[in-house]
Amino acid sequence: MQNLRSVLVPFEIDMALPPAGSVLRKAAGRSMGTTWSAQMLVPPGAGQGLEAALQRELDEIVAQMSHWEESSLLARYNRAPAGSWHALPPQFYDVVDLALQVHEDTAGAYDPAAGALVRLWGFGPTGRHDGAGFQLPSPIEVASTLARRARAVPQLDRAGRRLLQPGGAVLDFSSIAKGYGVDRLGLCLERLGVRHYLVEVGGELRGAGMKPGGEPWWVEIEGVPDAAASPQAMVALHGLAVATSGDYRSYFEHGRQRASHTIDPRSGHPIANGVASCTVVAASCMVADALSTALTVMGVEAGLAFADARGIAGRYLVRHEGGLREHTSAAWRELLQ
């Protein structure tokens, strides 16, 4: 049977063409433990220092939010004493503000303060699952980690733009920082006069305007590489962003079970709901990144109900008898052409 390809396009198209004389330029580098890239139609007079400016945007995010760098603001917050308040720069504030809102909206299915659980299962910066001496956590260890998390509730003072360390809260922005980095790359280009671009960090993407020839930035949505066949989908990133969470990106196997890096912060265990991947298309890549993780944790039934109630364009690929089944939200189907 022929494998049909779904095609998604935005509702509104801005037909403004790039300025005359615009030149296609490409840039790339490394950040957040992965790669980034940009394709951009640069108008005359706007091409100076673009690559360096993009790298600086990502370097600042790493300096603030890396859980690998001991000097980062996030790492310092995680080590800070109970009762201490921490003034937040704009980037950190934007991320934690959205992350805590998604945490509340999903009743804890998404949790930016689940860092201790991530480390317990060997997906943090130390005690890695692929390192010597790693052992699966015991039920007692999982329960005690969950109990400590329940007592350690970060509090965001939005008026003062500061964050309380209640004592023992461990932030981990791995499920949102890449998406935020993509958004920052786009905003950086727009500040510098570039409004037609496709930017990407670690496979999460955002596009604006058009590419040469007047076509939108067409991208293929990430499939599941360890599946025999994966339903294909293309999206026109014209004022849109896309992010995908997958159980194949980082995992280990114990017995016949797969322990994914996506931890359900409610149970304290890696997801076991059959979700191979979840993709979200949204105007903001930060939002898409966080929601793709949240929907992955929630599973198909609860996740689609959540997405449909909020107009979220989401697509699941679920493992089933050696293959994959596709499940999509109403908003996703509305984008199909």
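The values are calculated or read from the model by the stated rules, or taken from the named source; none is laboratory data. What you are looking at is a predicted structure, and each value in this text was computed from that prediction instead of being measured. Here the Cβ positions follow ideal geometry from the backbone for every residue, glycine too, while neighbour counts run over all protein chains shown. We work out accessible area using only protein heavy atoms, side chains counted, and drop any ligands, DNA or RNA first. Shrake-Rupley method; radii C 1.70, N 1.55, O 1.52, S 1.80 Å.
Side notes on the structure shown:
- A simple count of charges around Pro18, restricted to other residues whose Cβ falls under 10 Å of its Cβ and scoring Lys, Arg +1 and Asp, Glu -1, yields +2.
- Checking (i) 34; (ii) 14; (iii) 23 against percent of Cα pairs over 39 Å apart calculated from these atoms, the matching label is (ii).
- Accessible surface of Asp59, taken over heavy atoms with a 1.4 Å probe and every protein chain present, rounds to 80 Å².
- Neighbourhood charge, 12 Å Cβ-Cβ cut-off, centred on Gly168 and excluding it, Lys, Arg +1 and Asp, Glu -1: +4
- Considering only segment 109-219, percent of DSSP beta bridges that pair antiparallel, nearest 5: 90
- Prolate/oblate/rounded call for segment 168-246, Cα gyration tensor, a/c under 1.5 rounded: oblate
- Area accessible to solvent at Met298, 1.4 Å probe radius, in Å²: 40
- At least 20 Å along the helix axis (C-alpha) and Kyte average at least -0.5, DSSP helices within the chain: 50-65, 90-105, 177-191, 285-310
- Per-pair calculated FRET efficiency, R0 = 22 Å: Gln257 and Arg128 via Cβ, rounded to 0.05: 0.75
- The chain, accessible area per residue, ligands and nucleic acids excluded (1.4 Å, Å²): 46
- Solvent exposure, largest accessible area first (probe 1.4 Å, DNA, RNA and ligands not counted), of Phe123, Phe134: Phe134, Phe123
- Spin-label model, Arg266 to Arg310: label points 7 Å out along the Cα-to-beta-carbon direction sit 1.4 nm apart.
- One way to sum up the overall shape of segment 67-226 is the equivalent ellipsoid from its Cα gyration tensor, whose semi-axes run 33, 22, 14 Å, largest first.
- For segment 1-158: Kirkwood Rh in Å [reciprocal of mean 1/r, alpha carbons]: 20.0
- Apportionment of accessible area to carbon and sulfur, the chain, percent (1.4 Å): 52
- Among Gln155, Gln55, Gln165, residue whose mean-square fluctuation peaks in a GNM of the chain (springs only between Cα atoms under 10 Å): Gln155
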